[in-house]
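Participant: This structure is in structure tokens; I'll ask about it shortly.
The values are calculated or read from the model by the stated rules, or taken from the named source; none is laboratory data. These figures come from a predicted structure and were not determined experimentally. Heads up, the Cβs are rebuilt from the backbone with ideal geometry, glycines too, and the neighbour counts pull from every protein chain shown. Note: accessible area is taken over every heavy atom of the protein model, side chains too, but ligands, DNA and RNA are not part of it. Shrake-Rupley method; radii C 1.70, N 1.55, O 1.52, S 1.80 Å.
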Amino acid sequence: MSIFSTNCVLPPSDHVTTCEKNGELVYRQTDEANQSLNQEVLFQKSNYPTVELEVESLRSLATENNVKSAFLTCEETRWKRAMQAWHEQGLCGVLEMIADEDSDSSTSWTPWLACASLAVVRWLNSLHGSLYPHLVLSNEDMISEFTSIRNWKKSEICAFAWHPHTPKCAIALKDNSVKIFSGKSEIVSNLKHRLQQCVSALAWKHHSASVLAVACKTCILIWRVDPSSLSTRPAASAAQVLAYQGHGPVTSLAWDPKGGLLASASPSDTAMLIWDVAKGACTVLRRFGGGGVSHLRWSPDGERLFAATPSQMFRVWETQTWQCERWTQLNGRCQAACWSPDGRMLLFATENEPIIYSLKFNKESTTDLIGGSKAAIVCADLSEIAYDQEDEVIKIGGLVQDMVLNETGERLAVSFKPNEKNDNLSSLVALFNVRQMQLLELIPIGFVQGEPGNILQMFSFEPTFNEGALLTMVWEDGKVTYVPLFFLSSHDLEQQQNNYLHSIPDQFPQQQN
């Protein structure tokens, strides 16, 4: 039975969500919300950057960069083009370049040899690809398939990440640039590098004000951006390049919450790399089976690392001795996952089931190092359900696109995969109240809705918001909007109760002898 059948209210189509208050979502008409938002929203939003990117200008910049790259290619030597093809596409890329450039030569045997070699390599790849079809995809198609961003290949915004300790965010654009917005500062840093192509993920380092990791097609770039600098265009020398042969395209990054380790993953590589960024060296953790590694999620306590694969299996690593345990026989690959704040609960959803599962981990386990439950428990059934609205039947729910848990673990936001038969899901995010006692319970609050016709690309929670949770939504038109969820966290509520109990004896007069 779908969880949405329990008194879940669908907002009118011409309304947008402005905030959560007293456990309910507040909606306003689109025109009214655009003219003047709720005063509470304005007050909270004042500490956060205003991000509005013009999509048309982004497209023109991307086109201009493509034109420049075409001219630059003509000026390069054949050796440089071969090296670039090797780094970007491996052996197949080099053979394709040789075959294409020498195709007009009727006397040379080089194109014939290159074509014959390319046919053999592709045949061998097809044998492997019959087991793992994603391996025959292009880099762009592979990123689009495994990223949590809706329609990455056509989106002008490719990645988004909040800084863990300050209201600062990084946004990757289709023109291969990364922009950094900080608070209400008018200075917007613009990061560009020749290797910064096909950006699919961004990740800020914990306990650092300036270090940003960027997942690219052939490498990882580590930018160090001085927050006190007035420069809007840091030099390319400010970026450290981390590259490993065959490890690309990189689609997922995860920093160790406790230190300087960085984990990276690619669906085309069965190895997960653990980088010591300071030394520029990596440890290769390879396990055969799965066809690659698609998603990484480091637990907040730093003790476990979740690694999804493109197949019906995922692994959880413990980070002391780097042993792992795997869970198999999923109904499709793992589509989305998130950890509870204490690192004891993993929520995940697969690509073929409208269900959120939970997996519990016991820190005091003496039987194994991982300490995970042998079987996952169903937390919520998100099956599609029909609502009657304005003389129209609207279907809500279905397969999960992405899901995110806020810092206190009390709000869960879930988006749904696009459906050709149902375009109502493009601007909706389901919001749940999370209660965790002996068993984890998800209670639907409602649906967060954006402007009509606008398509949601990605979303996340801002980690420093202290009035509840701040849901951040990135839209197709280049806007970033905020939906503050005002509630008292269980920690604050417990503290208030303790303060009240300690104050009770002071309210009564002491008996005099």
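Participant: With the requirement that a residue be open to solvent by less than 30 Å² (accessible area, probe 1.4 Å) and within 15 Å of THR17 (Cα to Cα), what does region 443-463 give you?
Facilitator: Matches in region 443-463: GLY446, PHE447, VAL448, GLN449, GLY450, ASN454, LEU456, PHE459.
Participant: Which residues, taken from region 334-350, are assigned to a strand (DSSP E or B) and under 18 Å from GLU303 (Cβ atoms)?
Facilitator: ALA337, CYS338, TRP339, MET345, LEU346, LEU347, PHE348
Participant: Out of all the residues in region 316-333, is one or more part of a loop (DSSP other than H, G, I, E, B), charged (D, E, K, R) and open to solvent by 40 Å² or more (accessible area, probe 1.4 Å)? Walk me through how you get there before you give the answer.
Facilitator: Step one: of region 316-333, the residues part of a loop (DSSP other than H, G, I, E, B) are 319-323, 329-333.
If we keep only those that are charged (D, E, K, R) too, we end up with 333.
Now drop any that are not open to solvent by 40 Å² or more (accessible area, probe 1.4 Å), which leaves none.
Scanning region 316-333, I find no residue that is part of a loop (DSSP other than H, G, I, E, B), charged (D, E, K, R) and open to solvent by 40 Å² or more (accessible area, probe 1.4 Å), so the answer is no.
Participant: Taking interchain pairs and intrachain pairs at least six residues apart, which have beta carbon atoms under 7 angstrom, with the first residue in region 192-205 and open to solvent by 10 Å² or more (accessible area, probe 1.4 Å) and the second in a loop (DSSP other than H, G, I, E, B) and of a type in the set (Lys, Arg)?
Facilitator: So the pair list comes out as GLN197/LYS217; CYS198/LYS217.
Participant: Could I ask something else about it? When only residues in region 161-183 that are more than 16 Å from SER210 (Cα to Cα) and in contact with a Leu (Cβ under 9 Å, 6 or more places away or on another chain) count, which is surrounded by the most Cβ atoms within 10 Å (Cβ to Cβ)?
Facilitator: That would be ALA172.
Participant: Could you please tell me which pairs satisfy a Cβ distance under 6 Å, a separation of 6+ or placement on different chains, a first residue in region 391-407 that is open to solvent by less than 20 Å² (accessible area, probe 1.4 Å), and a second residue that is of a type in the set (Asp, Glu)?
Facilitator: GLY397/GLU384; GLY398/GLU384
Participant: Separate question: Looking for whichever is among the aliphatic types (A, V, I, L, M), modelled with pLDDT under 90, touching a Cys at 6+ places or on another chain (Cβ under 9 Å) and open to solvent by 20 Å² or more (accessible area, probe 1.4 Å) here; the options are LEU493, LEU488, LEU440, LEU501. Which one fits?
Facilitator: Every option except LEU440 fails the conditions.
Participant: Also: Only one of SER460, SER426 is among the polar types (S, T, N, Q), under 17 Å from VAL483 (Cβ atoms) and either free of Cβ contacts under 8 Å to residues at least 12 places away in the same chain or assigned to a strand (DSSP E or B) (or both); which?
Facilitator: Working: SER426 fails: either free of Cβ contacts under 8 Å to residues at least 12 places away in the same chain or assigned to a strand (DSSP E or B) (or both).
Step by step, each of SER460, SER426 is checked, and only SER460 is among the polar types (S, T, N, Q), under 17 Å from VAL483 (Cβ atoms) and either free of Cβ contacts under 8 Å to residues at least 12 places away in the same chain or assigned to a strand (DSSP E or B) (or both).
Participant: Now for a separate question. Can you report the number of residues in region 310-339 which are modelled with pLDDT of 95 or more and among the polar types (S, T, N, Q)?
Facilitator: Of the residues in region 310-339, 1 are modelled with pLDDT of 95 or more and among the polar types (S, T, N, Q).
Participant: Kindly indicate whether VAL241 is open to solvent by 50 Å² or more (accessible area, probe 1.4 Å), under 28 Å from GLY302 (Cβ atoms), assigned to a strand (DSSP E or B) and modelled with pLDDT of 95 or more.
Facilitator: So VAL241 passes the test.
Participant: Here's something else I'd like to know. Residue check: is SER299 crowded, with 22+ Cβ neighbours inside 10 Å and either of a type in the set (S, T, N, Q) or over 20 Å from ILE143 (Cα atoms) (or both)?
Facilitator: Values: crowded, with 22+ Cβ neighbours inside 10 Å: yes; either of a type in the set (S, T, N, Q) or over 20 Å from ILE143 (Cα atoms) (or both): yes.
Here the answer is yes, as SER299 does meet what is asked.
Participant: Could you list, in sequence order, all residues of region 290-322 that are in contact with a strand residue (DSSP E or B) (Cβ under 7 Å, 6 or more places away or on another chain) and not hydrophobic (A, V, I, L, M, F, W, C)?
Facilitator: Correct list: GLY290, SER294, HIS295, ARG297, SER299, PRO300, GLU303, ARG304, GLN312, ARG315, GLU318, THR319.
Participant: LEU431 - would you say it is buried (at least 18 other Cβ atoms within 10 Å of the Cβ), farther than 23 Å from CYS158 by Cβ and touching a Cys at 6+ places or on another chain (Cβ under 9 Å)? Outline the logic, then answer.
Facilitator: Working: buried (at least 18 other Cβ atoms within 10 Å of the Cβ): yes; farther than 23 Å from CYS158 by Cβ: yes; touching a Cys at 6+ places or on another chain (Cβ under 9 Å): no.
Judged against the criteria, LEU431 is not a match.
Participant: For ILE220, indicate whether it is touching a residue at least 12 places away in the same chain (Cβ under 8 Å), surrounded by fewer than 21 Cβ atoms within 10 Å (Cβ to Cβ) and touching a Leu at 6+ places or on another chain (Cβ under 8 Å).
Facilitator: Answer is no for this residue.
Participant: If you check SER210 against the conditions, is it out of contact with any His (no Cβ under 9 Å at 6 or more places or on another chain), small (Gly, Ala, Ser) and open to solvent by 50 Å² or more (accessible area, probe 1.4 Å)?
Facilitator: Working: out of contact with any His (no Cβ under 9 Å at 6 or more places or on another chain): yes; small (Gly, Ala, Ser): yes; open to solvent by 50 Å² or more (accessible area, probe 1.4 Å): no.
No.
Participant: Still on this structure, please answer the following. Could you say whether any residue in region 302-310 is surrounded by fewer than 19 Cβ atoms within 10 Å (Cβ to Cβ) and in contact with a Leu (Cβ under 7 Å, 6 or more places away or on another chain)? Write out each step before concluding.
Facilitator: Quick first cut of region 302-310, residues surrounded by fewer than 19 Cβ atoms within 10 Å (Cβ to Cβ) only: 302.
In the following step, the residues that additionally are in contact with a Leu (Cβ under 7 Å, 6 or more places away or on another chain) were identified as none.
No, that holds for no residue.
Participant: Kindly indicate whether any position in region 336-352 is touching a Pro at 6+ places or on another chain (Cβ under 9 Å) and at positive phi.
Facilitator: Yes - at least one qualifying residue is present in region 336-352.
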